[in-house]
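Here the structure is laid out as structure tokens; the discussion comes afterwards.
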Amino acid sequence: MKKVLILDGNSLAFRAFYALPLLTTSEGKYTNALYGFTNMLFKMKEEINPDYIFAAFDRKALTFRHLEYKDYKAGRKKMPSELAEQFPRIKQMLSIMNIKIYEIEGYEADDIIGTIADKCGASGMEVYVVTGDRDALQLASDNINVVITKKGVSETESYTKERMMEEFKVTPQQFIDVKGLMGDKSDNIPGVPGVGEKTAFKLIAEYGSIENVLENIDKISGKKLKENLEAFKEQAVHSKHLATIVKDVPIEFNIEDIKVSEADAKELKKFIIQYQMKSLLNKLPECGEDTEEIKTDINYEKIDSNEKLKSFVDSIKDISFISYELKGTERFSTKVIDNLYVLTGGKSYVIEYSKIENEVESLDLLKKYFEKDEIKKVVHDCKNLITVLSKMNIEVKGMIFDTAISAYLLDSAKQNYSLPKLVNDYLCEDVDEVDSDIKIIENSFMSRLYETLKSKIEEQQMEKLLYEVEMPLCFVLSAMESAGFNVNRNKLDELEVKFREEIDKTQRIIYELCDEEFNINSPKQLGKILFEKLDLPIIKKTKTGYSTNAEVLEKLADKHPVIEKIIYFRQITKIYSTYVEGLKQVIDKDGKIHSSFNQTVTTTGRLSSTDPNLQNIPIKYEMGREIRKVFIPNNEDDIILSADYSQIELRVLAHMAGDENMINAFAHHTDIHTKTASEVFNVPIEEVTSLLRSRAKAVNFGIVYGISDFSLSQDLHITRKEAKQYMDAYFERYPKVKEYLDKTIVDAKKDGYALTILNRKRYIPEISASNKIVKALGERLAMNAPIQGSAADIIKLAMIHVYDELKKNKFKSEIILQVHDELILNVKQNEFEQVKLLVKTEMENALKLHVGLDVDINTGNTWYEAK
DNA sequence: AACGTCACG
DNA sequence: ACGTACGTGACGTTA
């Protein structure tokens, strides 16, 4: 089947312009849109390998849409000149590539594309429309693919009709109706007021079209919605018309005009060099062998065959510096190596791994390199590399240094640890974000960065933390990500229905109680209803208006019956959107959820989990806790095992403070909150009531966070004075804790940072601020960082030990999750007793403290049961 | 993109 | 006389 590639010129240029930093040539000509556009074109051409190709552009002239609707695209800012000047260059590049350009007075690029795509589609060709604009989705059909750029221009998502129906539950045709209802701000298409994305999709999915919605207006629930639809009937229909891409643009079109033909290679190279887009040179589509003719100052060796790869691997002696690019936009399972950039022996190499033919041989060569322990590897962000390599059955050895992690240990407060940023921060060299990987390798920045970071790590005495904790941990995290958490999709579907019904029901009651329909999810609209219409007392304000958070609602609960319903609504919509809908989106092809565990995010040394976050799955309330029933073992016979440290933070505090009283309590396995209650309230252990215990628990929490009497009083609903008394009593009974916390603050003021048990450092500039509030914050940070951070140190050690032991014993059970003070494992039934003991032992003995560590183990057939 | 909110330890 | 717990990430709304 013949393939047609269609480029939405304007849209792609815009996308590239805003996604990339403002690159210029040395003469100051802007090139970022040109660069991004060209890069994208090369990529699509290679991926799709089309037989026909063209690009469509908008014309300055007004379109029929402007004529029909004077406000069309009103309010849209003028194109910045930095972008405008790049359009001629983009068109020049297209012409060098022999790609035909269509632009027609009175029509937008979309319309031209729609017209031609339709024609080609009708004659049985496979069409690919590449654009940055979601509006084009209406063009999708069985053989018209709409490829939308994501995250700049390098990643794309391809939509067929089928894919659309799956994701949006409407047909491409109906997508227009949706837009007609909800409008479009950027085009200034009005739509129907009060109808947002959600409502629009819902209505169209149910009724099929705007016209049919209007015909069935009586059946639609929601008074306000009905009124709006009625009142803005015509506007809706007109909006739909405006949003419709026309498919009958008068155009002289001959398929032969757009046939792909070889670019003039020399011209193209000249052009690329003229605009100083050197890195595009090695992405040039194959075009003749006259490469030597043009001089460039490239100084790396390109490796694109097994012969070259072999001699490269053979030549490496001791140490190599690596950065890399992965390919694959889908979820977790499909990522593979695209390019590897290696600096070794003073030479730079670009290994175009994904382009090398004969996979068996190249894999073997790669394996030889990565599995050789004598060849040391310095990598920026090694975890992902370890992951893809292990999928290729390569077990990396000699991974000695990760520049990202080292920089994180040196200062955990940075916003990001990208390679160019580190080069800038530590070497004072400026590197463009674009193609920074190869630039950093070929200029030997990577090796200089290594030397610099390494000596700083040594200065700070963080070698142990880096080499024995964080580096080995990379492998554990990689394995956890690969393992994933198996889920029961049916259960999730079941919960979806259940919660959906409950939401609808609650929503109706709230509308009735308020005698009005509004968006309950909007704090602004809710505030208006509660504090203006219902005239409830204003408890708290935010910068932008009334506060309506749970704490406030709690206080209003007895003032009006709707409050209780709103609290319930909040709870349930949270569960529904974040945990039911959210998790459904991220189930991988293998039926599992693969979260990412980030090692360089938190200031204290904890891990974080994203995409999805599996560290905040509900547990406190039964309704949310149900979500945990979705998480199941890999196989029917396997078992979910959860092992959690009991009171690890308070134990860490007891250890660091050396407080005998507290250490003793733990040594005798006394319930620590009961013990604290007995101390603070001066009653025998046996007489501690549950109220006293819960108050003591709050005090303990407060201590860990860096306490203030005010917050404690808020938390416990007691007076500030009482709170102060609690704290005084506490410190009297645990005098060394008081001493320790005071000393931590003094030290932090003196040194500017706080340290954990394993010498993890957190800088606390706040502590020497002149602003009292900031300073107080600094003091709390100084108290909390060593506690939270040391607990993180301990569980990281435990993870490494558990992982190593499982491996050593060739167990098939694996760690699948860490939630700050607990580990979750998928355990094979026949390994159960051994693994259970192993986990408990390794966790409790992760680090020798003045106080013992206690681990509780729970197991079950779902995560829910392992409580 | 910022804000408010809320899920977890 | 101030304003206040520590650490995260995701979602929906609004500007």
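The values are calculated or read from the model by the stated rules, or taken from the named source; none is laboratory data. The shown structure was predicted, so the numbers you read here are calculated from the model rather than taken from an experiment. Cβ sites come from the backbone with ideal geometry, for glycine too, and all protein chains shown count toward neighbours.
Hey, could you check the stretch A:744-766 for residues that are over 31 Å from the mean Cα position of the chain (by Cα), surrounded by fewer than 19 Cβ atoms within 10 Å (Cβ to Cβ) and part of a helix (DSSP H, G or I) and say which is farthest from DNA strand B (Cβ to nearest atom)? Even if it seems obvious, please write down each step before you answer.
Quick first cut of the stretch A:744-766, residues over 31 Å from the mean Cα position of the chain (by Cα) only: A:744-752.
Keeping just the survivors that are surrounded by fewer than 19 Cβ atoms within 10 Å (Cβ to Cβ) gives A:746-747, A:749-752.
In the following step, the residues that additionally are part of a helix (DSSP H, G or I) were identified as A:746-747, A:749-751.
Values: A:VAL746: 24, A:ASP747: 22, A:LYS749: 23, A:LYS750: 26, A:ASP751: 23 Å.
Checked the stretch A:744-766; the qualifying residue farthest from DNA strand B (Cβ to nearest atom) is A:LYS750.
Looking at the stretch A:812-850, which of its residues are within 16 Å of DNA strand B (Cβ to nearest atom) and of a type outside the set (A, V, I, L, M, F, W, C)?
Scanning the stretch A:812-850 gives A:GLN818, A:HIS820, A:ASP821, A:GLU822.
State yes or no: is A:ILE816 buried (at least 21 other Cβ atoms within 10 Å of the Cβ) and either among the charged types (D, E, K, R) or farther than 25 Å from A:ILE627 by Cβ (or both)? Steps first, answer last, please.
Values: buried (at least 21 other Cβ atoms within 10 Å of the Cβ): yes; either among the charged types (D, E, K, R) or farther than 25 Å from A:ILE627 by Cβ (or both): no.
For A:ILE816, the condition - buried (at least 21 other Cβ atoms within 10 Å of the Cβ) and either among the charged types (D, E, K, R) or farther than 25 Å from A:ILE627 by Cβ (or both) - is not met.
Right, A:LYS540: farther than 29 Å from A:TYR864 by Cα and within 16 Å of DNA strand B (Cβ to nearest atom) or not?
For A:LYS540, the condition - farther than 29 Å from A:TYR864 by Cα and within 16 Å of DNA strand B (Cβ to nearest atom) - is met.
Please verify whether A:ILE189 is of a type outside the set (Lys, Arg), surrounded by 21 or more Cβ atoms within 10 Å (Cβ to Cβ), under 30 Å from A:LYS119 (Cβ atoms) and modelled with pLDDT under 80, treating the condition exactly as stated. I'd like the intermediate steps shown before the answer.
On the way: of a type outside the set (Lys, Arg): yes; surrounded by 21 or more Cβ atoms within 10 Å (Cβ to Cβ): yes; under 30 Å from A:LYS119 (Cβ atoms): yes; modelled with pLDDT under 80: yes.
When the stated conditions are applied, A:ILE189 passes them.
Pairs needed: first member in the stretch A:792-811, under 14 Å from A:VAL855 (Cβ atoms); second member anywhere, of a type in the set (Gly, Ala, Ser) and not in a helix (DSSP H, G or I); C-beta distance under 8 Å; at least 6 residues apart or different chains.
The qualifying pairs are A:ILE794/A:ALA846; A:ILE795/A:ALA846; A:LEU797/A:ALA846; A:ALA798/A:ALA846; A:HIS801/A:ALA846.
Sort out which residues of the stretch A:290-332 are at pLDDT below 80, part of a loop (DSSP other than H, G, I, E, B) and farther than 23 Å from A:PRO50 by Cα, and write them in order of number. Break it down into steps so the answer makes sense when it comes.
Of the residues in the stretch A:290-332, the ones at pLDDT below 80 are A:290-298, A:328-332.
Narrowing further to those that are part of a loop (DSSP other than H, G, I, E, B): A:294-298, A:328-331.
A:ILE294, A:LYS295, A:THR296, A:ASP297, A:ILE298, A:ARG331, listed by residue number.
From A:GLU844, A:GLU831, A:GLU805, grab the single residue that is among the charged types (D, E, K, R) and touching a strand residue (DSSP E or B) at 6+ places or on another chain (Cβ under 7 Å). Explain how you work it out, then say what you get.
On the way: A:GLU831 fails: touching a strand residue (DSSP E or B) at 6+ places or on another chain (Cβ under 7 Å); A:GLU805 fails: touching a strand residue (DSSP E or B) at 6+ places or on another chain (Cβ under 7 Å).
The match here is A:GLU844.
Filter the stretch A:86-116 down to residues that are closer than 17 Å to A:GLU256 by Cα and either without any contact (Cβ under 8 Å) to a residue 24 or more places away in the chain or not assigned by TED's automatic domain parsing to the domain that holds A:GLU252 (or both), then give me how many there are.
1
Test A:SER609 against the criterion of being farther than 28 Å from A:ASN384 by Cα and within 10 Å of DNA strand C (Cβ to nearest atom), and give yes or no.
Numbers: farther than 28 Å from A:ASN384 by Cα: no; within 10 Å of DNA strand C (Cβ to nearest atom): yes.
In short, no.
Which residues, counting only those in the stretch A:192-215, are away from DNA strand B (no atom under 16 Å from the Cβ) and either small (Gly, Ala, Ser) or in a loop (DSSP other than H, G, I, E, B) (or both)?
Those that are away from DNA strand B (no atom under 16 Å from the Cβ) and either small (Gly, Ala, Ser) or in a loop (DSSP other than H, G, I, E, B) (or both): A:VAL192, A:PRO193, A:GLY194, A:VAL195, A:ALA200, A:ALA205, A:GLY208, A:SER209.
Report whether or not A:ALA769 is within 15 Å of DNA strand B (Cβ to nearest atom) and over 25 Å from the mean Cα position of the chain (by Cα).
Values: within 15 Å of DNA strand B (Cβ to nearest atom): no; over 25 Å from the mean Cα position of the chain (by Cα): yes.
No; evaluated as a whole, the condition is false for this residue.
Can you pull out every residue in the stretch A:535-575 that is within 12 Å of DNA strand C (Cβ to nearest atom), closer than 21 Å to A:ASP515 by Cα and among the small types (Gly, Ala, Ser)?
none
Considering every residue within the stretch A:680-700, establish whether at least one is without any contact (Cβ under 8 Å) to a residue 40 or more places away in the chain and closer than 21 Å to A:ALA776 by Cα. It would help to see each step written out before you state the result.
Here is the first cut: in the stretch A:680-700, the ones without any contact (Cβ under 8 Å) to a residue 40 or more places away in the chain are A:683-699.
After this cut, where a residue has to be closer than 21 Å to A:ALA776 by Cα as well, the list is A:698-699.
Within the stretch A:680-700, one or more residues are without any contact (Cβ under 8 Å) to a residue 40 or more places away in the chain and closer than 21 Å to A:ALA776 by Cα.
Tell me, yes or no, whether the stretch A:851-860 has at least one residue that is more than 16 Å from DNA strand B (Cβ to nearest atom), in a loop (DSSP other than H, G, I, E, B) and under 15 Å from A:SER646 (Cβ atoms).
We begin by selecting, within the stretch A:851-860, every residue more than 16 Å from DNA strand B (Cβ to nearest atom); these are A:851-852, A:859.
Right, trim to in a loop (DSSP other than H, G, I, E, B) and you get A:851-852.
Keeping just the survivors that are under 15 Å from A:SER646 (Cβ atoms) gives A:851-852.
Checking the stretch A:851-860: at least one residue is more than 16 Å from DNA strand B (Cβ to nearest atom), in a loop (DSSP other than H, G, I, E, B) and under 15 Å from A:SER646 (Cβ atoms).
Under the condition of being over 20 Å from A:GLN571 (Cα atoms) and surrounded by 15 or more Cβ atoms within 10 Å (Cβ to Cβ), which residue from the stretch A:517-537 is farthest from DNA strand B (Cβ to nearest atom)?
Within the stretch A:517-537, the match that is farthest from DNA strand B (Cβ to nearest atom) is A:LEU534.
Any idea which of A:LEU741, A:LEU781 is within 9 Å of DNA strand C (Cβ to nearest atom), crowded, with 20+ Cβ neighbours inside 10 Å and of a type outside the set (Asp, Glu)?
A:LEU781
For the structure I just gave you, tell me whether A:ASN616 is of a type in the set (S, T, N, Q), within 11 Å of DNA strand C (Cβ to nearest atom) and without any contact (Cβ under 8 Å) to a residue 12 or more places away in the chain. Write out each step before concluding.
On the way: of a type in the set (S, T, N, Q): yes; within 11 Å of DNA strand C (Cβ to nearest atom): yes; without any contact (Cβ under 8 Å) to a residue 12 or more places away in the chain: yes.
So A:ASN616 passes the test.
Looking only at the stretch A:491-505, which residues are under 12 Å from A:THR573 (Cβ atoms) and surrounded by 15 or more Cβ atoms within 10 Å (Cβ to Cβ)?
Here is the first cut: in the stretch A:491-505, the residues under 12 Å from A:THR573 (Cβ atoms) are A:499-500, A:502-504.
Result: A:PHE499, A:GLU502, A:ILE503.
Name the single residue, out of those in the stretch A:577-594 being small (Gly, Ala, Ser) and within 8 Å of DNA strand C (Cβ to nearest atom), that is nearest to the chain's Cα centre (by Cα).
Filtering first and then ranking leaves A:GLY582.
For the stretch A:490-534, name all the residues that are away from DNA strand C (no atom under 14 Å from the Cβ) and of a type in the set (Val, Ile, Thr).
Across the stretch A:490-534, the qualifying residues are A:VAL497, A:THR506, A:ILE509.
Only residues in the stretch A:428-451 that are in a loop (DSSP other than H, G, I, E, B) count as the first member; pair them with residues that are among the basic types (Lys, Arg), Cβ under 8 angstrom, at least 6 apart or cross-chain, and list the lot.
Within 8 Å, the pairs are A:VAL431/A:LYS439; A:ASP432/A:LYS439.
Suppose we filter the stretch A:673-694 for residues that are out of contact with any helix residue (DSSP H, G or I) (no Cβ under 6 Å at 6 or more places or on another chain) and more than 15 Å from A:PHE731 (Cβ to Cβ); how many remain? Walk me through how you get there before you give the answer.
Step one: of the stretch A:673-694, the residues out of contact with any helix residue (DSSP H, G or I) (no Cβ under 6 Å at 6 or more places or on another chain) are A:682-684, A:686-687, A:689-691, A:694.
Keeping just the survivors that are more than 15 Å from A:PHE731 (Cβ to Cβ) gives A:683-684, A:686-687, A:689-691, A:694.
Counting residues in the stretch A:673-694 that are out of contact with any helix residue (DSSP H, G or I) (no Cβ under 6 Å at 6 or more places or on another chain) and more than 15 Å from A:PHE731 (Cβ to Cβ) gives 8.
Quick grid of which residues meet (1) within 40 Å of the chain's Cα centre (by Cα); (2) closer than 21 Å to A:LYS775 by Cβ; (3) part of a helix (DSSP H, G or I):
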position: A:LEU692; (1), (2), (3): no, no, yes
position: A:LYS697; (1), (2), (3): yes, no, yes
position: A:ASN700; (1), (2), (3): yes, no, yes
position: A:VAL704; (1), (2), (3): yes, yes, yes
position: A:ILE707; (1), (2), (3): yes, yes, no
position: A:PHE710; (1), (2), (3): yes, yes, yes
position: A:GLU722; (1), (2), (3): no, no, yes
